[in-house]
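The values are calculated or read from the model by the stated rules, or taken from the named source; none is laboratory data. Since the model is a prediction, treat every value here as computed from it, not as a measurement. Virtual Cβ from ideal backbone geometry, glycine too; neighbours counted across all protein chains shown. Each accessible area value is taken on the protein alone, full model and side chains, heavy atoms only, with ligands, DNA and RNA left out. Shrake-Rupley method; radii C 1.70, N 1.55, O 1.52, S 1.80 Å.
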Amino acid sequence: MFGDFMNLREELFKLKDEKYRDFQIKLMPTVDKNTVIGVRIPELRKLSKKLENNDFGWDYYEEKMLHGFYIGAKNMPFESRIKLLEEFIPMIDNWAVCDSACSSMKFINKNREEFFEFLKRYMYSSEEYSLRFVCVILMSYYIDDEYIDFVLDYYSNLKSDYYYVKMAVAWGLSVAFVKYQEKVLPLLESKNLSNDVQNMTISKIRDSYRVDSKLKAYIKTLRA
């Protein structure tokens, strides 16, 4: 078990994989390479389950990942998770930490209404990764009959110049398209999305194995 700041950091460096580090750095151009140790995600997930508390550093990319995994992995009251998220969300500074954390928060499925109310605090943030967090959480846990209309309205009206926000909106719309084509297709046909989001969404839909080739060909004609 890890409850000591320096012992945890030492363990991270023991798990260092130079080739993986080089690969990661290429995928995260906004991250200072000196803050990347090079620990694979499965190793980080294992480590997060051994953490005794959340009292460790934020200096390295992997430490930020562990904070996100800790919130999702540890058994704790919903209110405790929210308190930790209030600290975590402002510290997100890249897409990988954001998306990996979001994928770990399965507890949301049992607390969807309460979490949705919490999420509203960040829906109109001026911070790039707070907005991306909202977009990815909506995509991961709220694309269903109850919330789909809100999600699509939010995505279509979210005006942001941040690249990683636009990419998250496009990703969310492409996922929604598979399940709610009858709702997303008119949105694309209206061309009311920004040109970037319109074209990113179309590219992501065309990459999907769950959309047939005829529909992909039609979707391509809707590019801005």
Check your understanding: Mind checking which residues of the range 91-137 are polar (S, T, N, Q) and either more than 20 Å from ARG45 (Cβ to Cβ) or open to solvent by 10 Å² or more (accessible area, probe 1.4 Å) (or both)?
Key -> SER100, SER103, SER104, ASN109, ASN111, SER125, SER126, SER130
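Do we have VAL197 as within 20 Å of SER103 (Cβ to Cβ) and touching a residue at least 24 places away in the same chain (Cβ under 8 Å) here?
On the way: within 20 Å of SER103 (Cβ to Cβ): no; touching a residue at least 24 places away in the same chain (Cβ under 8 Å): yes.
When the stated conditions are applied, VAL197 does not pass them.
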**Study point:** Unique residue being touching a Leu at 6+ places or on another chain (Cβ under 7 Å), in contact (Cβ under 8 Å) with a residue 12 or more places away in the chain, crowded, with 16+ Cβ neighbours inside 10 Å and not charged (D, E, K, R) when the list is LEU44, LEU8
**Key:** LEU44
Check your understanding: Which residue pairs have Cβ atoms under 8 Å apart, sit 6 or more places apart or on different chains, and have a first residue in the range 147-167 that is within 17 Å of TYR122 (Cα to Cα) and a second that is assigned to a helix (DSSP H, G or I) and hydroxyl-bearing (Ser, Thr, Tyr)?
Key -> TYR164/TYR129
Check your understanding: Under the condition of being surrounded by 16 or more Cβ atoms within 10 Å (Cβ to Cβ) and of a type in the set (S, T, N, Q), which residue from the range 173-212 is nearest to VAL136 (Cα to Cα)?
Key -> SER174
Check your understanding: In the range 200-216, what residues are in contact (Cβ under 8 Å) with a residue 12 or more places away in the chain and either closer than 16 Å to ASP153 by Cβ or assigned to a loop (DSSP other than H, G, I, E, B) (or both)?
Key -> THR201, SER208, ARG210, VAL211
